[in-house]
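**Q** The structure under discussion is supplied below as structure tokens; questions concerning it will follow.
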Amino acid sequence: MTLAMDKRRMRRIHVAMACVASIALLLCLLLGWHAPRQALLSYLVAGIFGLSLSLGSMALLMVHVLTGGAWGYYLRPQLLAALRPLPWLAVLWLPLLLGLHLLYPWAAPGAMADAALRRQAWYLNDGFFIVRMLLCFGLWLWLASALRRRLDRADDAGLSRFAALGLIVYLLTMTTAAVDWVMSLVPAWRSSIFGLIVATSQVLAAAALAVLYAALRHRRDDTPSHPPAEPACLLGDVGNLMLTLVLAWSYLAFMDYLTAWIGDLPAETVWYLPRLKTSWSALGVALVVFHLAVPFAVLLSRQAKHRAGWLLAVAALLLVMHYAYLFWLVVPSFRPGGFALAWSDPLAWLGIGGWWWVVFDARWRAVVQPSASAARVLP
């Protein structure tokens, strides 16, 4: 298939997916008219999933600026393309502001009758919440735009300082967002490292997406007539990167659970109870098996890390389990009776995720296709 034919085919796929995603969002809006809380809950999970891929990619780009290594240049087209949907996600986040009183107990009518909520009102109130959200999105959009411009300039002497400052800003804003959007769904819940856990999971998801596309391209080019432009050792490098991030996320999540279990305080256990004492525990077990044990076992193998097929499978599994992890973070508090799916869950995921993929994939192909027939020289 010629490059022109491939472009036309992908353009048709993008248009079709954009139509499907638009229909899914419209159905979510129409059906959610009669169950707005349910629709907004699914919308929140899908929105955080899209943000995870964009913000995690931005953080991973800044990490590479500080550490160097060929793996960063190998993954850079995917990571840069993942920044493109960020402005669109900022617009899509606005409907959640209309439903604050439906999702968050502290914003519900009559919430100030609760003494505990009154003590938190200095922070958990509509006006301050909106200000923090706008500030976070403003800083993320600025970081993404400035990072793209600086990476285009190979002689930028201040790039390392910018990346170091950017990572600090990212961690602070991501902690704020994680507390606001997820932790405040259960105002009594306390966790000092929750923001860091969410940030680590975002970087892991972004790395999995970048490796997935890199492995797909490597497999497509791995023919006698068209050998891959990238050396095979890079597959091992990105495999080690995913292994490190899997272990980092697992360690932080386990330590948070262990601290809550040892302390046995109501402010910490109130969040874990519906996730451990109902059928939601099955999803927790699945996360341990498929978000930790299976990827760890595969990525520990040197042979598997140097095979594009194995990396592709592990990266795809990590992306699926990242969505399951976000679902586990948000939904059980609203469905305390046990594991349950609603009609809005697939619609919101397909709508937001579909549009995110269209913007990302179109940008990625615009970067990599012009040089598809020539070997790329890594800096």
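A short reminder: the numbers here are calculations on the coordinates, not readings from a lab. Every value quoted in this text rests on a predicted model; they were computed, and no experiment measured them. Please note: Cβ atoms are built from the backbone with ideal geometry, for glycine as well, and neighbour counts cover all protein chains shown.
**Q** Measure nothing fancy, just the Cα-based angle from helix 159-181's long axis to the longest principal axis of the chain, in degrees from 0 to 90, nearest 10.
**A** The angle comes out near 30 degrees.
**Q** Another question about this same structure. Just from its helices, what would the mean residue ellipticity at 222 nm be for the chain, if runs of 4 or more DSSP H residues each count -39500 (n - 2.57) and the sum is divided by every residue, rounded to the nearest 500 deg cm²/dmol?
**A** Working: 17 runs with 281 residues, N = 379.
The per-residue figure over the chain is -24500 deg cm²/dmol.
**Q** Another question about this same structure. Would you mind ranking Met62, Met112, Met17 by Cβ crowding within 10 Å, fewest neighbours first?
**A** Working: Met62 24, Met112 12, Met17 17.
In increasing order of surrounding Cβ atoms, one gets Met112, Met17, Met62.
**Q** While we're on this one: Give a residue-ordered list of calculated ³J(HN,Hα) values for the range 99-113 (Karplus: 6.51 cos²θ - 1.76 cosθ + 1.60, θ = phi - 60°; whole Hz; x for Gly, Pro).
**A** Couplings: x, 4, 5, 8, 9, 9, x, 6, 9, 6, x, x, 5, 6, 6 Hz.
**Q** Let me ask something else about it. Short version: ³J(HN,Hα) in whole Hz for each residue of the range 82-87, in order, from phi by Karplus 6.51 cos²θ - 1.76 cosθ + 1.60 (θ = phi - 60°), x for Gly and Pro, what are they?
**A** My calculation for the range 82-87 gives 5, 6, 4, x, 4, x Hz in order.
**Q** Let me ask something additional. Compute the long axis of helix 266-276 from its Cα atoms, compare it with the longest principal axis of the Cα atoms of the chain, and write down the angle in degrees, 0 to 90, nearest 10.
**A** The angle comes out near 60 degrees.
**Q** Label points 7 Å out from Cα along the Cβ direction at Leu276 and Phe296: separation in nm?
**A** 1.8 nm
**Q** Arrange the following residues from fewest to most other Cβ atoms within 10 Å of their Cβ: Lys277, Lys305. Walk me through the numbers on the way to the answer.
**A** Numbers: Lys277 11, Lys305 21.
The fewest-first ordering by Cβ neighbours comes to Lys277, Lys305.
**Q** So how tilted is helix 233-263 from the main axis of the chain? Cα-based, degrees 0 to 90, rounded to 10.
**A** 10 degrees
**Q** Moving on. Given contacts defined as C-alpha pairs under 8 Å and at least six residues apart, what's the relative contact order of the range 109-210, whole-number percent?
**A** Working: 42 pairs, mean separation 25.0, N = 102.
Taking the mean separation of contacting Cα pairs over the length of the range 109-210, I get 25 percent.
**Q** Which ordering of Arg84, Arg8 is given by a fewest-first count of other beta-carbon atoms within 10 Å? Walk me through the numbers on the way to the answer.
**A** Working: Arg84 20, Arg8 12.
Going from least to most buried by this count: Arg8, Arg84.
**Q** Let me ask something additional. As a test of understanding, state the convex hull volume per residue of the range 13-371 from its alpha carbons, in Å³. Intermediate values should be presented prior to the final figure.
**A** Values: hull volume 50.8 nm³, N = 359.
Each residue corresponds to 142 Å³ of Cα convex hull volume.
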